[in-house]
1. Does B:K81 meet the test of being at the interface with chain A (Cβ under 7 Å from one of its Cβ atoms), crowded, with 20+ Cβ neighbours inside 10 Å and within 16 Å of B:V341 (Cα to Cα)?
2. State all residues of region B:204-225 that are under 16 Å from B:L329 (Cβ atoms), outside any loop (DSSP other than H, G, I, E, B) and out of contact with any strand residue (DSSP E or B) (no Cβ under 6 Å at 6 or more places or on another chain); if no residue qualifies, say none.
3. Out of the residues in region A:118-146 meeting the condition of being touching a helix residue (DSSP H, G or I) at 6+ places or on another chain (Cβ under 7 Å) and under 30 Å from A:G14 (Cβ atoms), tell me which one is nearest to the other protein chains (Cβ to nearest Cβ).
4. Going by what's in this entry, would B:I205 be described as more than 14 Å from chain A (Cβ to nearest Cβ) and under 29 Å from B:H183 (Cα atoms)?
5. Do we find a residue being assigned to a loop (DSSP other than H, G, I, E, B), at pLDDT 95 or above and of a type in the set (F, W, Y) anywhere in region A:292-302?
6. If I filter region B:1-58 down to residues being crowded, with 23+ Cβ neighbours inside 10 Å and among the hydroxyl-bearing types (S, T, Y), which single residue comes out as modelled with the lowest pLDDT?
7. For the subset of region A:98-117 comprising residues that are more than 23 Å from A:G41 (Cβ to Cβ) and more than 13 Å from chain B (Cβ to nearest Cβ), which member is farthest from the chain's Cα centre (by Cα)?
8. Just one of the numbered conditions (1) more than 7 Å from chain A (Cβ to nearest Cβ); (2) of a type outside the set (V, I, T); (3) touching a Gly at 6+ places or on another chain (Cβ under 6 Å) is not true of B:G41; which one?
Number of protein chains: 2
Amino acid sequence: MSITVRWVAVLGVGISRFGKRSEGLIDLLSESAVMALDDAGVEQVDELVVANMASGEFEGVSGVGSILVSRLGLEPARAYKVEATSGSGGAAIYVASNSILSGMSKVALVVGGEKMTTKETPEVSEVIASILDEDDRAHGLTLPSLAAFSARNYMREFGATRESLASIAVKNHYNGSLNPHAHFRKRITIEEVLSSPIVCDPLRIYDYCPISDGAAAVILADINVAKKYRDKFPVIRGIGYASDTNSPIERDFLFEMPAVRRAAEMAYAASKRGPRDIDIVELHDMATILEVIISEELGLFERGRGWKAAEEGVTSLDGELPINTSGGLKAKGHPIGATGVAQLVEVSMQLLGECGERQVQDAKVGLTCNVSGFGAGVTVAVVEVI
Amino acid sequence: MSITVRWVAVLGVGISRFGKRSEGLIDLLSESAVMALDDAGVEQVDELVVANMASGEFEGVSGVGSILVSRLGLEPARAYKVEATSGSGGAAIYVASNSILSGMSKVALVVGGEKMTTKETPEVSEVIASILDEDDRAHGLTLPSLAAFSARNYMREFGATRESLASIAVKNHYNGSLNPHAHFRKRITIEEVLSSPIVCDPLRIYDYCPISDGAAAVILADINVAKKYRDKFPVIRGIGYASDTNSPIERDFLFEMPAVRRAAEMAYAASKRGPRDIDIVELHDMATILEVIISEELGLFERGRGWKAAEEGVTSLDGELPINTSGGLKAKGHPIGATGVAQLVEVSMQLLGECGERQVQDAKVGLTCNVSGFGAGVTVAVVEVI
């Protein structure tokens, strides 16, 4: 029987190790793309959407869509790149999903990746800062400092402890230790977080995600096509996508991310699921404080209660609502263009019970939340196995 | 009455002068975006798709989607960039069209632009060459040399004269002289083309498009929404998009562009129009020879006859099938990300009778063809006023 709901199937996934990699971007993208094609059991796709932020700045290469489609021998598939800074992966999934829902494509390969370690840290920071409002940048604002201001605001307003934020880093490193694809597989303690070098007070080096190379891929498909390949597969039941000011200091409070709220509302409405239905979450923990803020804006915890939930272990692997089972950006790593795609890979694998040591039991509904800049653009997807 | 055909309305257009501009990319994008919003009479859009190739390489800026949506005050519109090298504009129109056809968006702003004159010509050439296959590049291939090899192949195979190619540059400069937005408004003669400096034999400097800054924008909308704004507007009746090898020397003949053929077939089938129905064309004349090759692959002329049609004036402003009434890439200029969008602007204006001195009489059906690399990716759209 033909299904006419507006769902998009996740027919296959691929991901390889994040970290410092010797390969270039095209090699990394190819590696995970081939894994996803194999996993799906498809040889041809109608569309190839590459998520990547800065191949030009990092490797001096443009046109990665054309280069990759030829490398993979997937011509005449339509191939192009989608860029929305750190939210590129989520944006690419949104775009590919529209192509399938519009009937233009039946099967699409979405592959996100970034090769960042070609440059030294100060140069990488310069590239990343280029996404911010020009005036803000001229005044010295950076994404790490915005996160620190946000943490300071949040702690004062809600009485959150420094330890509670540290516990998020500890949790995500623990999860990462169980994920063979994670950049960091080392477990850490709260004491280690709190004695690590300060980046921007009150946040320390262990509060932030690292600079990583890596890629991840998914095969999205029309539901009725997917049914010919598999009996059981995850579907994206609904996607939300919204933007907000590119100058976060315009917000009333730096611990707010209105675009997360809007994107979540859209995704919940489209999927007919609400925050209470969510069993597992992959979200954009560029810094520990962002895990708290985003979890609240998603409606998973009341405003000002996210830090407590983290401290009490609610979001741990064995808690009621595990967040970032993959290790998150914090421990799995954040190769910019890969992140949104890697989130869908993790949620899909969890829902299919393929996560080995870090497997969450009985997870039925998953959510991904990928963020551009400091909340300038946000995609949220609700995923469930049918 | 609600229309359920798969057409997308062009509700407004905006374009400003191409050439050496003092403004930066965001300013150029904003300028044409505001013109398109005004032309459409809409104040808010659901989606903002930016077409741009190399903001990173040319200006050290990523995240132009987020920056622009804030600059224009269009939050919470979904904002991201689409990149497919010189085909970015067509790819962005395709992506926005899918968003509308899928029902995700009702109104979308597509704005393409490039700021290129920040760099000297050798650096620009380096950036452009980065889109080619790595091995080809290592052997010294560039887009201008590929065009020259292609011209040599074509002339030998079909007896085309050097003068016939020069006549295309003359025609496009003439058209550009009538277009206030064109980079070159100077009319030239065949003698001037043939005595201009050689770039790569047999092609000379006047056979190639210049390096330009510029931007162009269109407002795309759901047909039923568009009807609330206007009684009469152009619609995209069908889009085709296909890729081909990124290493053109793998083709049997360098004067073939299989992706143009495939994309055209898709667009003709979707629009229920064929090559005989087309009245005006904007196509990707990066070099004069490409106007010939592409016009043949689009089915407008038989293989090996395109040069004759050009020489005989068939493709002139007062000919049977005017090509590149805007001046084309050759004379209007080729700010990379702008080109595909600017083609749709020109065709829409022609079909609405808004082209002033360069207006073609009684044009009913228009076609655009935007090319990535040397035929690595191609979009074709068939446009008609309803």
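1. Numbers: at the interface with chain A (Cβ under 7 Å from one of its Cβ atoms): yes; crowded, with 20+ Cβ neighbours inside 10 Å: yes; within 16 Å of B:V341 (Cα to Cα): yes.
Criteria met by B:K81.
2. If the condition is that a residue be under 16 Å from B:L329 (Cβ atoms), outside any loop (DSSP other than H, G, I, E, B) and out of contact with any strand residue (DSSP E or B) (no Cβ under 6 Å at 6 or more places or on another chain), then B:Y206, B:D213, B:G214 are the ones that fit.
3. That would be A:I131.
4. Working: more than 14 Å from chain A (Cβ to nearest Cβ): yes; under 29 Å from B:H183 (Cα atoms): yes.
Judged against the criteria, B:I205 is a match.
5. Going through region A:292-302, the residues assigned to a loop (DSSP other than H, G, I, E, B) turn out to be A:298-302.
Among the residues that remain, those that are also at pLDDT 95 or above are: A:298-302.
The next check asks that each one be of a type in the set (F, W, Y); those that pass are A:301.
Yes, region A:292-302 contains at least one residue that is assigned to a loop (DSSP other than H, G, I, E, B), at pLDDT 95 or above and of a type in the set (F, W, Y).
6. Filtering first and then ranking leaves B:S55.
7. A:T117
8. Result: B:G41 fails condition (3) only.
The values are calculated or read from the model by the stated rules, or taken from the named source; none is laboratory data. On a predicted model such as this, the values are computed, not experimentally measured, just so you know. Virtual Cβ from ideal backbone geometry, glycine too; neighbours counted across all protein chains shown.
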